[in-house]
Amino acid sequence: MKQADFTIVQRPAYITFTCPHCGQDQRMDWDEVTEPEYWGDEWGIVNCPECGEEIELGEYDMG
Ligand SMILES: [Zn+2]
């Protein structure tokens, strides 16, 4: 029997950030984030779940 090593790939679940408007820590489901084709591209605008203000997503960090 031939064997192959394999990689378990995790799907991102959600992102977290601190809202620059209300200063609260927020968590947003991955489905609500518009993922760019290339992660170095811009991630666009999201609305804060807490205060509803628009936030431009900046640099990301892998949690
Ligand atoms: Zn906010």
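Which log10 I(q)/I(0) values does the chain give at q = 0.12, 0.18 Å⁻¹ under the Debye formula, counting every alpha carbon as one identical point scatterer?
-0.38, -0.69
Quick one: check the C-alpha center-to-center distance for the stretch 1-27 versus the stretch 41-58, whole angstrom.
So the two Cα centres are separated by 17 Å.
I need ASP25, ASP5, ASP61 ordered by Cβ neighbour count within 10 Å, fewest first.
Lowest to highest Cβ neighbour count: ASP5, ASP61, ASP25.
For a label point 7 Å from the Cα of THR18 along Cα→C-beta, name the residues of the stretch 40-63 whose backbone N is under 20 Å from it.
Zone members listed by number: 46-63.
What is the spin-label model distance, in nm, from VAL33 to ARG11 if the labels are put 7 Å beyond Cα along the C-beta direction?
Using points 7 Å along Cα→Cβ, the separation is 1.5 nm.
What ranking of ILE45, ILE15, ILE8 emerges when the number of other C-beta atoms within 10 Å of each C-beta is taken as an exposure proxy, fewest first?
ILE8, ILE45, ILE15
Every read-out reported here was derived from the displayed coordinates using simple, explicitly stated rules and does not represent laboratory data. Note that the structure is predicted; figures quoted are calculated from it, not measured. As a convention, Cβ positions derive from the backbone with ideal geometry for all residues, glycine included, and neighbour counts pool all protein chains shown.
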